[in-house]
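Q: Dropping a structure here in structure tokens format, bear with me for questions.
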Amino acid sequence: MRGTVGDLVDAVTAGLQDYRTHAFNIRNQYQHQRNLRQNLATHPDECAIHIDFSENYNCGFGSEVMAVHFGASHQQATLHTGILYVGEEAIPFTSVSDCRRHDPAAIWSYLSPVLDYVSQNYPDVSKVHIFSDGPTTQYRNKTNFYLFSRELYIRGFDGGSWNFSEAGHGKGAADGVGASLKRTGDRLQSQGKDVPNAKALYTALQNSGTSVKLFFISDTDLQEQTAHLNLPGNLIPIPGTMRIHQLILTSQGHIQYRDVSCKDHPGDACGCEGLKAFIFPGFEAAPPGVPIHPPRVPIPPPGVPIPPPRVPIPAPGVPIPAPGVPIPAPGTPNLPVEPSVPLSPARDQVSLLQLCYISRAVK
Ligand SMILES: [Zn+2]
């Protein structure tokens, strides 16, 4: 590969710029998460849920040779793991399933019993903040964004936020939950216990005395739930989806989003960091910024269909911004906001001095 010294300087400049943003995002997202969790002690109306898929668990048999010889086969179990933070409590949990789907619709089935648990045990909680990594096939895509904007309200919550860790830096406490359960499963198998499928794994883990709160979602239940989600066919992606690190709900179907979470106002739609708005199809009539406070809906027994999303009535005279139009910071009316997010002062902490040195060295 050949090029001029100028080409080299350009390449290094571009690389440093990307690295600077990456390094800033890593620190910022961790700091935001820490600040939000600390705030929970004084915010009994909020909770945080850190989620992650553990690698599928390989089920097996205590007496492997004989069992497999007589026709048994290996199955895998999905483990959607996490930690629920409420007040100063940290509750590890895992949804176990024989369904192998990891798509957004399935994710909301794995989350469903966790949200029900919050509703039943912490009735003061009205806002749910979610932390996850950002793989585009699972959490960071238009279908999950849409479901996030809708499903919490259906369950009677008033809003919340979804915060993505920077790419490659999503490992957290949720991983430890999955690892711990897998070790327990392996130990039981090595002691001769058959764990042939997800349901058996769930039962064995329940009986093992684990402190992890366990939920089981059968493949049949999951397929039924996801079939009733009524996903619209005309979903369009939020602009700049790959850069987004935070979504905030203001009302059902209405999302505000930005490239990084604001660590100074954890979980709030505070207008910092270039907050923008987006409205999903079917929810255009709902005014942004007007939260709906429906009564907590009782959890329907299995088999009862999930009620359709509640569409709030628009307040007269409340203008609706077009998708992608930035929301000005509170208290700064009529001030234009840059549509693209400029580097904040904090991002400039990594000095460009190195670059100057490089430029001088090659001259
Ligand atoms: Zn802020």
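Q: Which of the three applies to the stretch 147-229, rounded, prolate or oblate, going by the alpha-carbon gyration tensor with a ≥ b ≥ c and a/c under 1.5 meaning rounded?
A: Oblate.
Q: Pull out the extension gain between S211 and A179, defined as 0.36 nm times the separation in residues minus the alpha carbon to alpha carbon distance; nm, one decimal.
A: Details: separation 32, 0.36 × 32 = 11.52 nm, distance 1.35 nm.
Extra length from S211 to A179 when fully extended: 10.2 nm.
Q: Tell me the volume per residue, in Å³, of the convex hull enclosing the alpha carbons of the stretch 212-290. Intermediate results must be reported in sequence, preceding the final value.
A: Numbers: hull volume 13.0 nm³, N = 79.
For the stretch 212-290, the hull spanned by Cα atoms encloses 164 Å³ per residue.
Q: What's the percent breakdown of Cα-Cα distances in the stretch 37-188 across 5 Å bins, shortest bin first?
A: Distribution as computed: 2, 9, 17, 20, 19, 13, 8, 5, 4, 2, 1, 0 percent.
Q: Largest first, please: the extent of the C-alpha atoms of the stretch 12-68 along each principal axis, to the nearest Å.
A: Here the Cα extents, ordered largest to smallest, are 60, 46, 11 Å.
Q: Moving to a separate point now. Q223 to H169: extension gain in nm, 0.36 nm per residue of separation minus the Cα-Cα distance? Intermediate results must be reported in sequence, preceding the final value.
A: Working: separation 54, 0.36 × 54 = 19.44 nm, distance 3.15 nm.
Going from the current span to full extension adds 16.3 nm.
Q: To continue, here is another question. Can you return the lysines within cross-link range of K213? Criterion is Cα-Cα under 24 Å, with same-chain partners fewer than 8 residues away left out.
A: Straight-line reach from K213, under 24 Å: K127, K171, K182, K193, K199.
Q: Something else: Kindly put W162, W108 in sequence by how many other C-beta atoms sit within 10 Å of each C-beta, fewest to most. Display every interim value, and only then the final one.
A: Values: W162 28, W108 20.
The most exposed by this proxy come first: W108, W162.
Q: Shifting gears a bit: Rounded to the nearest 5, what is the percent of antiparallel bridges among the DSSP beta bridges in the stretch 25-279? Mind dumping the intermediate values first?
A: Working: 32 of 48 bridges.
Here the share of antiparallel DSSP bridges comes out near 65 percent.
Q: Sticking with the crude label model, points 7 Å out along Cα→Cβ, report the distance from A285 to Q76 in nm, one decimal please.
A: Here the answer is 4.4 nm between the modelled labels.
Q: Here's another thing I want to ask about it. Pairs of alpha-carbon atoms within less than 8 angstrom and 6+ residues apart define the contacts here; what relative contact order does the stretch 103-201 have, in percent? Could the numbers behind the result be given before it?
A: Numbers: 75 pairs, mean separation 27.9, N = 99.
Taking the mean separation of contacting Cα pairs over the length of the stretch 103-201, I get 28 percent.
Q: Right, another one. Want the number for H265 to H22: 0.36 nm per residue separation, take away the alpha-carbon distance, what's left?
A: Values: separation 243, 0.36 × 243 = 87.48 nm, distance 2.11 nm.
My answer for the length gained is 85.4 nm.
Q: Dividing the alpha-carbon Rg of the stretch 25-279 by 2.2 N^0.38 Å yields what? Walk me through the numbers on the way to the answer.
A: Working: Rg = 18.9 Å, N = 255, 2.2 N^0.38 = 18.1 Å.
Compactness ratio reported: 1.05.
Q: Could you derive backbone 3J(HN,Hα) for the stretch 20-35 from the dihedral phi with the Karplus parameters 6.51, -1.76 and 1.60 (θ = phi - 60°), listing whole Hz in sequence and x where the residue is Gly or Pro?
A: For the stretch 20-35, the Karplus curve yields 4, 4, 4, 5, 4, 4, 4, 4, 5, 5, 5, 5, 4, 4, 4, 5 Hz.
Q: When a footprinting reagent is the concern and you count Cβ atoms within 10 Å, what order do F164, F215 take, fewest first? Please list the in-between numbers first.
A: Working: F164 23, F215 18.
The fewest-first ordering by Cβ neighbours comes to F215, F164.
Quick note: the coordinates plus some simple rules give every number you see, no bench work behind them. Treat the numbers as computed from the prediction; the structure is a model and nothing was measured. Because the Cβ atoms are built from the backbone with ideal geometry, glycine has one as well, and the counts that use them run over all protein chains shown.
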